[in-house]
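Please treat every number below as a calculation from the coordinates, not as lab data. What you see is a predicted model, and the numbers here were worked out from it, not measured in a lab. Glycine also receives a Cβ, built like all others from the backbone with ideal geometry; neighbour counts cover every protein chain displayed.
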């Protein structure tokens, strides 16, 4: 869904993908084909458009709180509703020294995510980031690991470390400035990654997660998933050239996928 | 990995994608960058190749049992290892009346999956199917559902029901003829889908799962995920043509995703 | 588009993706924004549905001939119209010994393609196949190639040859039994691939194309694109195991893409 | 390939995907399986790494000129070689007020492309941009188009215009500051898109291409491909809400794809 907010010549734009998940006591629907308490996915979709039109769409977390409340109140068999959102970034196009009010260029590839889980008497608010591709070409090693009869990997004192971060964190409260906090967490993840003396993907992942929990009081815990996007150095010496560890082949598969949750 | 078994002029082929997941007490690796007990993903990969070369690859479930045992025995900090496998189908090419011994054509799009989860004193064996695309053009309705102020969906007495099944079932025992059972379950899913008088995706999903649990004693439970791949009928009357519910537009998004677990 | 043909209890199904390309003298539309002679893509889409509803959809080639004629007759500025079609296969689900009349399972991954190009006083009919994945594990070598200072590839006397064939052929006439001919060409491609003593992808590609042109009089020429989907043998001797050329790693990139046109 | 240039603490990074296409008189290779004049794709790949290591990688166009010359000189049967390159952007991570010398975050989704085509006595240098996603929410209409019996599209005086631009332009000379020119053309495309009073995608496409040819003397011609990424307005009045043309559903298919070449 794209929600446009027209403020005269200056339009604001929210480009949000929304997924809604119902969990509950729907045995009669599944076992007997009794649809009386089944809310069609088509109606869920319409509800998203209608609420967006009626109330506008500000921070995704706030929008998810409204939607989840709407569904839980009106569906008696519903025990838990999850609203997952992905917010795609559009930047205003600069024309000369000015930002254009009605023309946008997509920024990325990373996107902002949010999730609201609501049950009877329970609500959880998560936010996150997906597809944050980062790479460091210095201060990254992988040495001293376990060895067995199948080990062939050479130790690396100076390797490229590249990954695509998927992070999800839980807020301790709903009293959060969601947009500002999201940008602060993104910046904390980037800076910590850049500055870390990495001994492994695990090591850097932990440092990034710990920095978020330490720097941002509103964060209860953070889950990080970081695939190891291997960059294999090419041995140029076989071509009679000096080898200065400067040419790399990115490989997709097989790769390692590292993940952990760091809690307060 | 492709594992070739050469039996004279007749080769057997196994095309298996393997993913291995370690869970355990690795705090020192994450927090301190101490790699001493970290088995590199590169070594895991080599282990898959070496075990496949040494022992051959028969049924994926059996291969997963060997691999998971190998890793759990040799890695003291490892608490739980999960081996996920996808088995891609290749059929022998027919030349005249004969099947060729060394030439294959890919069949699909569905694939066979298997998962072995092993912990200290625990093992679970799951099998499954992914990307099984099925469609029925008769005996499928969706009526009598809940209505609210945002409902616009017209009731359908005769609609196309299309989905891409992802099924995963758990075996009650390791004493299973995995290949034969897998084919029997696939056939049960297909036949039940074909014969069902469907009142909703949920209704058909339940019937399919129930048939598997009832027909196959070795199955403990089955989890089914079935997205509703909507096929919207085109109203030809606006073009001055008779409308016989015969032209449909498949739409990707937005769509519903239905899932449930049916246990014995 | 899915076109259903209801013949009592037995439905026939055509699942066709259609792309239409207009080329012509549209300077005023581009340069001046004059839309008077612009047929919206929305109307093209509607036309596909309406013609499919009115006339039914039989062989894609025949459907493309009707569509292209429709557009060329009604749009004066149109100089050339191309109709590209992909026909996705659905097989009837077998229930016991019988085929079900209204339930289908997707077959593939290969699909049938067709293209009709029509201009004033000109028409060309092409057919083809896409995503035909084939693999041979015997009678495939790659030796005696050019060498220079950057050559590191070892010669292979017995390698896996795997590819995903995209074939497009032009018919010499419109008087073709399109469905039967398509199946005969698919079978010729498969059998020739299976039987060939391959010295390279190029060598096998040529033999496959030549067989089609020789066996099928209605074919004027055939264009084949065959990426070399490398399967690298794993050297098990580094693990202390005997190396019998039986374990392979499929690699996606970098790869070679071989193509050629073989004309009568 | 990732090429790192180490300049003390500050590394420069080039992340380049390279595709090389040989065309020539290779009949003996295809028809007879004679590989003597076949340069393996593996050697082409090695050549890219070796040349990158030996000479470094500056502007993609210059790298393509070196590579194409290398191949054409050494392969007698080669008549034409095409080097296609995609340059993926990485921005330095900002740490406080400073840019980090060795840590990068991927920017996009748009990428820079370049193509060098070289034959005996001929060379052409193209550059381009891919995946430039742009959207305008004002000054965009589509009215007054051709109508027939299948027209259902309502006229739009104020619609969202969204597209993913793929542009390729040819330089009139090799005496170009490639990086500066590329950025100037990207900016010209963006500004023209933002400022245009659009009557159709075609109309805006032409204006963008014309601006590039007029503003940049070194450009001979430009080819633009712009799919119409439809954003359908949701009619909120059916939900009892006021309809202010503010809620839109992006749809993937079916869509229109507009393209044209604008030459000097």
> Does the stretch C:1-148 come out rounded, prolate or oblate, given a ≥ b ≥ c as the square roots of the eigenvalues of its C-alpha gyration tensor, rounded meaning a/c under 1.5 and, failing that, prolate meaning a/b above b/c?
Replying inline: oblate
>> Using only the alpha-carbon atoms, how far is helix B:60-74 inclined from the longest principal axis of chain B? Give it as 0 to 90 degrees, nearest 10.
In response: 40 degrees
> Taking a quarter of the surface of the Cα convex hull of the stretch B:1-73, what do you get in nm²?
Replying inline: 5.6 nm²
>> Give the separation of the Cα centroids, the stretch C:190-214 to the stretch D:168-226, in Å.
In response: 45 Å
> Quick one: Cα centre-to-centre distance for the stretch B:49-77 and the stretch C:45-96, in angstrom?
Replying inline: 52 Å
>> Give me the base-10 log of I(q)/I(0) for the stretch C:129-263 at each q in 0.10 Å⁻¹, Debye formula, one uniform scatterer per Cα, rounded to two decimals.
In response: -0.39
>> Could you tell me how far the Cα centroid of the stretch D:114-147 sits from the Cα centroid of the stretch A:102-129, in Å?
In response: 33 Å
>> Taking beta carbons within 10 Å but only from partner chains, what does the mean come to for residues A:198-211?
In response: 4
> Which order, highest average first, do C:159-166, B:95-102 follow once you tally other Cβ atoms within 10 Å for each residue and take the mean per peptide?
Replying inline: C:159-166, B:95-102
>> Which residue in D is nearest the D/B rotation axis when you measure from the C-beta atom, and what is the distance in Å?
In response: D:252, 3
> Placing a label point 7 Å from Cα toward Cβ, how far apart in nm is residue C:259 from its equivalents in the other copies, listed shortest first to one decimal?
Replying inline: 1.2, 3.9, 3.9
> Seen from all sides and averaged, what is the projected area of the convex hull of the Cα atoms in chain A, in nm²?
Replying inline: 21.5 nm²
> If you average the sequence gap of Cα pairs under 8 Å that are 6 or more apart and divide by the length of the stretch D:8-151, what percent do you get for the contact order?
Replying inline: 24 percent
> What ranking do A:239-245, D:226-232 get when scored by the average of other Cβ atoms within 10 Å per residue, highest first?
Replying inline: D:226-232, A:239-245
> Over all residues in D:127-140, what is the mean tally of Cβ atoms on other chains that come within 10 Å of each residue's Cβ?
Replying inline: 4
> Within 10 Å of each Cβ of A:93-105, how many other protein chain Cβ atoms are there on average?
Replying inline: 6
> In degrees from 0 to 90, rounded to the nearest 10, what is the angle of the helix B:201-215 Cα long axis to the longest principal axis of chain B?
Replying inline: 50 degrees
> How far apart are the residue D:55 label points across copies, placing each 7 Å from Cα toward Cβ, in nm, shortest first?
Replying inline: 5.2, 5.5, 6.0
>> Shape verdict for the protein assembly as shown, please, from the Cα gyration tensor: rounded (a/c under 1.5), prolate (a/b greater than b/c) or oblate.
In response: rounded
>> Contact order normalised by length for chain D, with contacts defined as Cα pairs under 8 Å and 6 or more residues apart; what percent is it?
In response: 13 percent
> For the stretch D:77-121, what's the relative contact order in percent, using C-alpha pairs closer than 8 Å and at least 6 residues apart?
Replying inline: 52 percent
> Which angle between 0 and 90 degrees, to the nearest 10, do you get for helix A:41-55 versus the longest principal axis of chain A when only C-alpha atoms count?
Replying inline: 80 degrees
> Copy-to-copy spacing for residue D:187, label 7 Å out on the Cα-to-C-beta vector, in nm, shortest first?
Replying inline: 2.6, 6.5, 7.0
> Among rounded, prolate and oblate, which fits the stretch D:204-245 when a ≥ b ≥ c are the square roots of the eigenvalues of its C-alpha gyration tensor, a/c under 1.5 means rounded, and a/b larger than b/c means prolate?
Replying inline: prolate
